[in-house]
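One structure below.
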Amino acid sequence: MSDPTPLPNLHLTWLGGPAPWRRIQSLEMVGTIKTSGLEGSFRATLTRDGCLRTELDLGVVKTTEVIRGDEGFELNMSGQLEPMDEGKRRRTQRQSERIFQADLESDDWIVLGEEEKDGTTWTVLRREHDDGDQLDLFLDPDTGACTWTRRLEDTTVSWERNDDWRSVGDVRIPFRQETHYPETPEGNSTIEFETIRLDVDPPDETFAPPTPAKQASFGEPTWIDFDLHRKRHACLPARLDGHEAAALLDSGAGLTVLDKAFAAEHGIEGDGEITAMGVGGPSQATLVNDLALELGSLRLTGVTAAIMDLADIQRRLGRTLHVVVGKEVFQSAVVEIDYPSDRMRFHDPEGYRHDDDATTVPLIPSVDGLRQVELQVEDLPPARVHVDTGSGANLDLFATFVDEHDLKKGRTVSTALSAGVGGDLESGVGTLRSLTFAGHRIEDVPIGFASATLGAFHTKELAGNMGTGLFRRFALTFDYSRDELHVRPGPDWDAPFERDRLGLNLLLQDDGALEVLHVAKGSPAETQGWSRGDRVTAIDGQAVEADTWQQQHDEAKRQPAGTEVSLTLADGQERTLVLNDYY
């Protein structure tokens, strides 16, 4: 690699020179933005010392973000105030530094060589940060001009094209900015600036935390009985705009989601189109705002939700699902979930007092207003995982964490198929010797090894995603207002885990038969010749029925090793499988 020093200096000279840029202490940028099928206004005010405020108004979507020093705040789409996670704050401040061209005077740039982009050969200059993020500038080696930049942030690659360069004062600034995401183009955006002002001297209140809307009201906090469907999903009654609805409580959902058919039935119409990122990758949705949501004693107004087709998820759940209740509830209320007793209730955070006998675990702000906790995998140092009550799994470990610690080595690993927003996801499954959460060490824990290359599980910044399979062993109180999770063990918190000993992923079809979607590696089903597409009409002599097939399947596959299970195929053939531990 050659000496990079002339190239940053050449580019900075093309932009107007170091002295004029050093004199600029603040910027105000106002324009229009197009993204995800929506169009609206964009305003950003930023200072050289790392303060920033952005306001986005796309009609159905309005958001505000503020950063001051090492603090960050966001008003989400429902008008609630959230802490900004450290990773987003850090990356946003880097982009602010980029706008002021302050990074060009750093001495840690390297020249990668030449690369072709958009029909032109450029010299690529790279800056790599301590967290592994990278910024590449595509420069004209003769003039120092730069049209393209490439970013690697966490595991996401994006491209930025800057056009319509104009002189503002003594410096050159692009008035058109396009951002492209090759793997998820639904998130592409274009900003066209109408005005850019230098040294606007913003008042101090510009960077104060945004003021949230008053949305939550509370009655007497009474217990609501919920159905822990298939021992994995907390389903409870709700009211949405006055309509009775079947709900799933999901702390891992960055936005409340309505079923498309339910919305149409009740005249709830969406606008625009966004990309919802789930565990299986991106999925399209429309948005609706100003909804009213009631859960027991809690009433929320002004909720913005995504309308999506949940028909396939309902088929796989084996029950009706009208609404996935997301982070908005956790942002507004202290949520008390007594899993061992199948009940929950909602409290006003103001003046709420926690039980003294619970263990307090810090809740750490994460991306999209979600939360993380620390747990310990075997004898490794504590690691952070997402808190996801919508997941039925015990724990899914992400690929980068698994590879870093070589967790598959010496371990029997099989395969499994799971469904979520964005589609099916095949992953590995194995067993941890132990897992420690809130001071409680649990032995022989079946877990997933996520293999996602897109979606919410594709990250190197977290170890994994913790779900209801573990949560249901405890009574939990989520208090986002204090960033605390209060944990009390249930009577069976250390009981042996149930596990699949059969190895067939089945789904009911329209003709009433169960179709095999996946055969687990090394399972009794694989060793006895089962294949994807095989069709089952009875389990242990009991005919498959739409309302009970999942219970039949769950009971059959979780029997002790050595149990014989008889499955009847569509052609009348019977096959007997001997259950066994295969991971």
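The values are calculated or read from the model by the stated rules, or taken from the named source; none is laboratory data. These numbers were taken from a predicted model, which means no experiment stands behind them. Here Cβ is always computed from backbone atoms with ideal geometry, including for glycine, and neighbour counts include all displayed protein chains. Accessible surface is based on the protein model in full, side chains and every heavy atom, while ligands, DNA and RNA are left aside. Shrake-Rupley method; radii C 1.70, N 1.55, O 1.52, S 1.80 Å.
Assorted remarks:
- Single condition VAL171 does not satisfy, out of (1) in contact with a Lys or Arg (Cβ under 7 Å, 6 or more places away or on another chain); (2) hydrophobic (A, V, I, L, M, F, W, C); (3) open to solvent by less than 30 Å² (accessible area, probe 1.4 Å): (1)
- Answer from GLU192, GLU153 - the residue that is over 15 Å from HIS11 (Cα atoms), surrounded by 15 or more Cβ atoms within 10 Å (Cβ to Cβ) and in contact with a helix residue (DSSP H, G or I) (Cβ under 8 Å, 6 or more places away or on another chain): GLU153
- Conditions (1) touching a residue at least 40 places away in the same chain (Cβ under 8 Å); (2) open to solvent by 40 Å² or more (accessible area, probe 1.4 Å); (3) in a loop (DSSP other than H, G, I, E, B): number failed by ARG488: (3)
- Every residue from region 532-583 that is within 24 Å of VAL413 (Cβ to Cβ), open to solvent by 20 Å² or more (accessible area, probe 1.4 Å) and either modelled with pLDDT under 95 or β-branched (Val, Ile, Thr) (or both): THR563, VAL578
- Taking the conditions (1) more than 20 Å from the chain's Cα centre (by Cα); (2) closer than 16 Å to PHE207 by Cβ in turn, VAL60 satisfies each one other than (2).
- Which listed residue, of GLU28, GLU74, is out of contact with any Cys (no Cβ under 8 Å at 6 or more places or on another chain), under 14 Å from THR206 (Cβ atoms) and not hydrophobic (A, V, I, L, M, F, W, C): GLU28
- Selection of region 58-74 for residues being open to solvent by 20 Å² or more (accessible area, probe 1.4 Å) and touching a helix residue (DSSP H, G or I) at 6+ places or on another chain (Cβ under 6 Å) yields only ARG68.
- Any hit, region 511-529, residues being part of a loop (DSSP other than H, G, I, E, B), surrounded by fewer than 13 Cβ atoms within 10 Å (Cβ to Cβ) and free of Cβ contacts under 8 Å to residues at least 12 places away in the same chain: yes
- From the options MET84, MET77, residue that is surrounded by 14 or more Cβ atoms within 10 Å (Cβ to Cβ), among the hydrophobic types (A, V, I, L, M, F, W, C) and in contact with a Phe, Trp or Tyr (Cβ under 9 Å, 6 or more places away or on another chain): MET84
- When residues in region 251-310 are screened for being open to solvent by 40 Å² or more (accessible area, probe 1.4 Å), modelled with pLDDT of 95 or more and either under 20 Å from THR63 (Cβ atoms) or among the aromatic types (Phe, Trp, Tyr) (or both), 1 of them pass.
- Hey, TRP493 open to solvent by less than 30 Å² (accessible area, probe 1.4 Å) and assigned to a loop (DSSP other than H, G, I, E, B) or not: no
- Region 464-485: number of residues that are within 21 Å of the chain's Cα centre (by Cα) and either of a type in the set (D, E, K, R) or surrounded by fewer than 19 Cβ atoms within 10 Å (Cβ to Cβ) (or both): 4
- Scanning region 327-348 for residues that are more than 20 Å from LEU470 (Cβ to Cβ) and under 20 Å from the mean Cα position of the chain (by Cα) turns up GLU328, VAL329, GLN331, SER332.
- Taking the numbered list (1) of a type in the set (A, V, I, L, M, F, W, C); (2) within 29 Å of the chain's Cα centre (by Cα); (3) modelled with pLDDT of 95 or more in turn, LEU27 passes all entries but (2).
- You will find that of GLY430, GLY369, the residue that is touching a Lys or Arg at 6+ places or on another chain (Cβ under 6 Å), closer than 26 Å to ARG488 by Cβ and either surrounded by fewer than 22 Cβ atoms within 10 Å (Cβ to Cβ) or at pLDDT below 95 (or both) is GLY369 and no other.
- Within region 204-222, the set of residues being within 30 Å of ALA456 (Cβ to Cβ) and either of a type in the set (Val, Ile, Thr) or part of a loop (DSSP other than H, G, I, E, B) (or both) comprises PRO209, PRO210, THR211, PRO212, ALA213, GLN215.
- If the condition is being open to solvent by less than 20 Å² (accessible area, probe 1.4 Å) and either modelled with pLDDT under 95 or aliphatic (A, V, I, L, M) (or both), then region 30-49 contributes ILE33, LEU38, ALA44, LEU46.
- Summed over region 178-189, residues that are buried (at least 16 other Cβ atoms within 10 Å of the Cβ) and free of Cβ contacts under 8 Å to residues at least 40 places away in the same chain total 4.
- Options ALA253, ALA261, ALA247, ALA234; residue that is touching a helix residue (DSSP H, G or I) at 6+ places or on another chain (Cβ under 8 Å), under 30 Å from ARG472 (Cα atoms) and not in a loop (DSSP other than H, G, I, E, B): ALA234
- Residue count for region 340-359 satisfying the condition of being open to solvent by 70 Å² or more (accessible area, probe 1.4 Å) and more than 23 Å from GLY296 (Cα to Cα): 2.
- Among the residues of region 491-510, just one is without any contact (Cβ under 8 Å) to a residue 40 or more places away in the chain and touching a strand residue (DSSP E or B) at 6+ places or on another chain (Cβ under 8 Å), namely GLN509.
- Long-range neighbours under 9 Å by Cβ, at least six apart or interchain, first residue of a type in the set (Gly, Ala, Ser) within region 106-120, second assigned to a loop (DSSP other than H, G, I, E, B): GLY113/MET1; GLY113/SER2
- Top-ranked residue of region 379-406 - restricted to ones that are open to solvent by less than 10 Å² (accessible area, probe 1.4 Å) and part of a loop (DSSP other than H, G, I, E, B), ranked as nearest to GLY455 (Cα to Cα): PHE398
- Hits in region 313-326 (condition: over 20 Å from the mean Cα position of the chain (by Cα) and open to solvent by less than 10 Å² (accessible area, probe 1.4 Å)): LEU321
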